[in-house]
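Written below as structure tokens is the structure these notes are about.
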Amino acid sequence: MKIKTLLSAAILATATFNSAALAQEVTLRGVSAFNLGTTFSREFNAFVEWINENGKGVVQIQLVGGPEAVPPFELGNAVQSGVVDIANNTSAFYPNLVPTGDAIHLAENTIQEQRANGCYDVIDRVHQEQMNVKYLGHAGDGMGFHLYLTKPITGPDLTGLTIRTTPVYQAMFSALGANLVRTAPGEVYSALERGAIDGYGWPSQGVLDLGWDEQTKYRVDPSFYNVDVNLLVNLDVWNSLTDAQRAKLEEGAAWMETLNANNAEINIAEYAKQADAGIETITLDGADAEKWLTTARDAGWAAVEAVDPPLAQELRACLTK
Ligand code: 173
């Protein structure tokens, strides 16, 4: 129902788009995979504000909404087909379209380093070829993922636990023995409340956004991987823009990417908020931490290599140190 409404609105928007292009100002319709006002829409929101402030007369973005506008696992298809012009999305939500997208969160370098060493061009090319989108920008660097639990563990063994996952944690948690259930973020709270899951994978930030702290007893440290939340522009729309419009969007994306440097500090504040909310930390150390992180890395890359060995090798060479 909502998709249908959005679709007719998109057809309408295409009409505005064409006449606006003549007027030299174009308005793109943006949707986020994450609730507006929550952590993983933060940089996207800042980007939209930056564009609307600095792109007057050139390019503007109209924020349509979050998961209530387009379900998170359908947003990839929506920006691929042009129902949405620009999406804020994580690769874990569109594995059907870019099956090697998991490599992005295995990165050990920053988007600035990836732009400098050519890795950005590889990731952009894969997105254009496989998904019909321009990989415009990247948020999430400096933020890792954790396992959050309702019952304690004593080591890197998840046997007997049912854990909510996305493709991000799939290879690692299953290698450590967990039973996995894949859900969108919007279903985590009720799954915890019903006792359907014993925990979930999630980044260092955002646990309190949707009240999950009420149902969470433990966070397992250390964190692993590097969060990826990407700006994706429908490729037909991208190609129809003027050079000035594309340059403005690229300038805004580069500005947004400088915000990634704030994550180290925000992580510390988030861990403090989690502790205040009663979430205890289980810290794996020594050989346990080693096993945790080695399994994360090795199982993660093995999954990407199983999909496309040459591309996995190319990505690993420019994403890791
Ligand atoms: O756990 C998730 O839903 C997930 O994969 C993710 C990825 C990036 C940011 C936030 C969540």
Could you list, in sequence order, the residues of the range 155-180 that are in contact (Cβ under 8 Å) with a residue 40 or more places away in the chain and assigned to a loop (DSSP other than H, G, I, E, B)? Gly155, Pro156, Thr166, Leu176
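Criterion first (at pLDDT 95 or above, surrounded by fewer than 16 Cβ atoms within 10 Å (Cβ to Cβ) and farther than 16 Å from Ala299 by Cα) does Thr110 satisfy it?
Considered against the rule, which asks whether it is at pLDDT 95 or above, surrounded by fewer than 16 Cβ atoms within 10 Å (Cβ to Cβ) and farther than 16 Å from Ala299 by Cα, Thr110 comes out as no.
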Would you say Gly144 is within 16 Å of the ligand (Cβ to nearest atom), at pLDDT 95 or above and out of contact with any helix residue (DSSP H, G or I) (no Cβ under 6 Å at 6 or more places or on another chain)? yes
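For the structure I just gave you, tell me whether Leu311 is over 17 Å from the mean Cα position of the chain (by Cα), modelled with pLDDT of 95 or more and crowded, with 19+ Cβ neighbours inside 10 Å.
no
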Residue check, Leu241 under 21 Å from the mean Cα position of the chain (by Cα) and touching a residue at least 12 places away in the same chain (Cβ under 8 Å): no
Scanning the range 32-46 residue by residue, the ones that are in contact with a Pro (Cβ under 8 Å, 6 or more places away or on another chain) and more than 15 Å from the ligand (Cβ to nearest atom) total 0
Strands (runs of 3 or more DSSP E) completely within the range 208-321 that count 3 or more residues being over 30 Å from Glu25 (Cα atoms): 218-224, 280-283
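Name the residue, out of Asp141, Asp124, Asp102, that is part of a helix (DSSP H, G or I) and within 15 Å of the chain's Cα centre (by Cα).
After applying the criteria, what remains is Asp102.
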Of the residues that sit in the range 71-107 and are of a type in the set (Asp, Glu) and surrounded by 21 or more Cβ atoms within 10 Å (Cβ to Cβ), which one is farthest from Val26 (Cα to Cα)? Asp102
For Leu136, only one of the following conditions fails: (1) more than 16 Å from the ligand (Cβ to nearest atom); (2) over 21 Å from Thr39 (Cα atoms). What is its number? (2)
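Which of the residues spanning the range 174-229 are within 9 Å of the ligand (Cβ to nearest atom) and under 15 Å from the mean Cα position of the chain (by Cα)?
Correct list: Thr183, Ala184, Pro185, Gly201, Trp202, Pro203, Gln205, Gly206, Val227, Asp228, Val229.
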If I ask for residues that are small (Gly, Ala, Ser), crowded, with 17+ Cβ neighbours inside 10 Å and closer than 27 Å to Leu319 by Cβ, which ones from the range 181-229 would you list? Gly201, Ser204, Gly206, Ser223
Among the residues of the range 205-254, write down those that are aromatic (Phe, Trp, Tyr) and in contact with a Gly (Cβ under 7 Å, 6 or more places away or on another chain). Phe224, Tyr225
Among the listed residues Asn89, Asn77, which satisfies the condition of being in contact with a Pro (Cβ under 9 Å, 6 or more places away or on another chain), of a type outside the set (Ser, Thr, Tyr) and either under 18 Å from Met256 (Cα atoms) or assigned by TED's automatic domain parsing to the domain that holds Glu257 (or both)? Asn89
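The values are calculated or read from the model by the stated rules, or taken from the named source; none is laboratory data. Note that the structure is a prediction, hence the values are computed from the model and not measured. Ideal geometry is used to build each Cβ from the backbone, glycine not excepted, and the neighbour counts take in all protein chains shown.
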